[in-house]
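> First, the structure itself, so that you have it in front of you.
The values are calculated or read from the model by the stated rules, or taken from the named source; none is laboratory data. On a predicted model such as this, the values are computed, not experimentally measured, just so you know. Cβ atoms come from the backbone with ideal geometry, glycine included; neighbour counts cover every protein chain shown. Surface areas here come from the heavy atoms of the whole protein model, side chains and all, with no ligands, DNA or RNA. Shrake-Rupley method; radii C 1.70, N 1.55, O 1.52, S 1.80 Å.
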Amino acid sequence: KNASNIGRPTVAPPTLAMLSPLNFSYSTTISLIILISFFSIFGSINQTFFRSVALIWNETFMLQYNVWNLVTGSLVETNAIRYVLSVVGVAFYGPKAENFIGSVYLAVYLLFVSLFCGVVTSVAIFVLYVITREEYLLSIEVHGSLGVIVLLMMASVKHNPSTKVANFGPFNRWNLRSVPMLLVVVSGLSYLTLQQKISPDFPFVCVSFYFSWAYLRFIHPIDAFIGFNDSNLTYGDITEDFQLEKFFPKHIQRLVK
């Protein structure tokens, strides 16, 4: 069996018909949906459980040392509408990413980016606390899975820059590459105007946007199974289509470059 096919689903690209019910060839996507559902449901009905899985600086580093919050914070949704949108987003874009990357690669990618979201957000909170001495910063509850949707979209765009948001209705006219930055902007505006009520994961969305691109651009192993034959591994994607500025509106791409 060719090494490049190990860990990859040997099925056709996903369609809406395949997602109802979700095709069981996509083990990482299904596992992700189960985890988001588990943490979100129990986090919504049990405050103690919520504080043990959401990223809260005091709970993570001072009171309880719940260091797993660095990852699990990206899997907790306590708003019913956001939860439904997150599951739909994972169910739709997860199979596309898994079909392109493979089950093993997608799991590694998810863990890497989610961990960096938690670490960078924690460092930012602590730095702000040191500068301002505002103790409420250490109790901010950061949680939500929009950053996960962003990284799945990035993986889909990497292998096909012309990927559309969806293959039906008006969404067929929109290039998926423009959506991650749009989500960053919408999440930021919601965070600033509604004070975290709608977008408690804004830091995760920002970090995910950059680090998911950076991982796929410089780190992601291509066309070989991790650990199978290191001499055949190539890393990243240095093509022009996957430059960071390509994810920004055309009129500001020069500034980003």
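> Using the heavy atoms of the protein chains alone and a 1.4 angstrom probe, what is the accessible area of region 84-223 per residue in square angstrom?
Accessible area per residue, region 84-223: 44 Å².
> Another question about this same structure. Sort T48, T163, T132 from largest to smallest accessible area, using a 1.4 Å probe on the heavy atoms of the protein chains. Could you put the intermediate results ahead of the total?
Details: T48 110, T163 15, T132 65 Å².
The ranking, largest first, comes out as T48, T132, T163.
> Let me ask you something else. Near the amide H of K164, under 5 Å away, which other amide H atoms are found, from residues 5 or more places off or on another chain, if H is placed in the peptide plane?
The answer is L176.
> So what is the orientation-averaged projected area of region 27-99, using the convex hull of its C-alpha atoms, in nm²?
4.8 nm²
> Going 7 Å from the Cα of W68 in the Cα-to-Cβ direction, what parts of region 33-48 have a backbone nitrogen less than 12 Å from that spot?
Under 12 Å, as judged by backbone N against the label point of W68, lie 39 of region 33-48.
> Would you tell me the accessible area of V179, worked out with a 1.4 angstrom probe on the heavy atoms of the protein chains, in Å² to the nearest 10?
We get 20 Å² for V179.
> I've got another one for you. What's the FRET efficiency of S44 with L255 using the Cβ-Cβ distance as r and R₀ = 45 Å, to the nearest 0.05? The partial results should precede the final answer.
Values: r = 41 Å, r/R0 = 0.92.
About 0.65, to the nearest 0.05.
> Let me ask you something else. Quick one: of K164/K197; K197/K246; K96/K158; K158/K250; K158/K197; K96/K250, which pairs are farther than 20 Å apart, Cα to Cα?
The answer is K164/K197; K197/K246; K158/K197; K96/K250.
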